[in-house]
Amino acid sequence: MSRRLTGKVVIATHNAGKLAEMRALLAPFGIEAVSAGELGLPEPDETGTMFAENAAIKAKAAADATGLPAFADDSGLCVDALDGAPGIFSARWAGPTKDFAGAMARIFSELDRRGASDRRAHFVSALVLAWPDGHTELFEGRVFGDLVELRGSAGFGYDPIFRPDGHDRTFGEMSAEEKHGVDWQRGQGLSHRARAFVELSRACLAPGA
């Protein structure tokens, strides 16, 4: 059974882009959020083989360290013609310097090497909410689209090469509100993270909580 989240939560991330998106998503619910990075918590080793496993590792580590509920996102870009790569290794393809320009170039290089014309891809977000007593809940979101030549400088990560279905612009050309804003009347969001968060909000949050 889902638990209602109120008060303060730790966002288990050291990624400034993810933190900004998650804080924006939490804003309508009156939840105070502090990040693992701001608290100086170490980044746990992500040894899982699935997005959900790595999200759980991060959320549980933050909840254990702080005694507060914590939630973590593990997300990535899955390219059909690359057998789902980079997938859970999306951040690692950018290396320790977070060189996503190099990671995006690598994707197209790999596609060219395989002679692949298929440019279908999707983003996945797994959100895990963990409590200090070990209780966890998982929520997932996906958004499908096509890879295109790099366009736009907004967002972060692989956003500039991903054009979601039904749109003529990449995530890198969209404002933050367009990308991860949620229409709460319809309960809809565009990005993978927004879609996962909608599921979390239905189960664990209430406006003005």
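The values are calculated or read from the model by the stated rules, or taken from the named source; none is laboratory data. Bear in mind that the values here come from a model prediction, so they are computed numbers and not experimental data. Don't worry about glycine lacking a Cβ; one is built from the backbone with ideal geometry, like all the others, and counts go over all protein chains shown.
Annotations for the structure displayed:
Residue-wise test of (1) over 17 Å from residue 138 (Cβ atoms); (2) under 17 Å from the mean Cα position of the chain (by Cα); (3) among the hydrophobic types (A, V, I, L, M, F, W, C).
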position: 2; (1), (2), (3): no, no, no
position: 5; (1), (2), (3): no, no, yes
position: 8; (1), (2), (3): yes, no, no
position: 14; (1), (2), (3): yes, yes, no
position: 17; (1), (2), (3): yes, yes, no
position: 20; (1), (2), (3): yes, yes, yes
position: 25; (1), (2), (3): no, yes, yes
position: 31; (1), (2), (3): yes, no, yes
position: 39; (1), (2), (3): yes, no, yes
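- Number of residues in segment 71-98 that are acidic (Asp, Glu) and touching a helix residue (DSSP H, G or I) at 6+ places or on another chain (Cβ under 9 Å) equals 2.
- A single member of 38, 21, 43 is of a type in the set (D, E, K, R), part of a loop (DSSP other than H, G, I, E, B) and touching a His at 6+ places or on another chain (Cβ under 7 Å), and it is 43.
- Residue 197 vs. criteria of a type in the set (A, V, I, L, M, F, W, C), in a strand (DSSP E or B) and touching a residue at least 12 places away in the same chain (Cβ under 8 Å): no
- Here the condition is being without any contact (Cβ under 8 Å) to a residue 60 or more places away in the chain, buried (at least 19 other Cβ atoms within 10 Å of the Cβ), touching a helix residue (DSSP H, G or I) at 6+ places or on another chain (Cβ under 9 Å) and among the basic types (Lys, Arg); of 163, 151, 169, it holds for 163 alone.
- Across segment 16-30, the number of residues qualifying as more than 22 Å from residue 90 (Cα to Cα) and in contact with a helix residue (DSSP H, G or I) (Cβ under 9 Å, 6 or more places away or on another chain) comes to 5.
- Annotation: residue 156 fulfils all but one of (1) surrounded by fewer than 16 Cβ atoms within 10 Å (Cβ to Cβ); (2) within 30 Å of residue 68 (Cβ to Cβ); (3) aromatic (Phe, Trp, Tyr); the unmet one is (1).
- Whichever residue in segment 15-50 is among the β-branched types (Val, Ile, Thr) and under 21 Å from residue 4 (Cα atoms) and, among such residues, is modelled with the lowest pLDDT: 31
- Test: residue 41 is in contact with a Ser or Thr (Cβ under 6 Å, 6 or more places away or on another chain) and without any contact (Cβ under 8 Å) to a residue 40 or more places away in the chain: no
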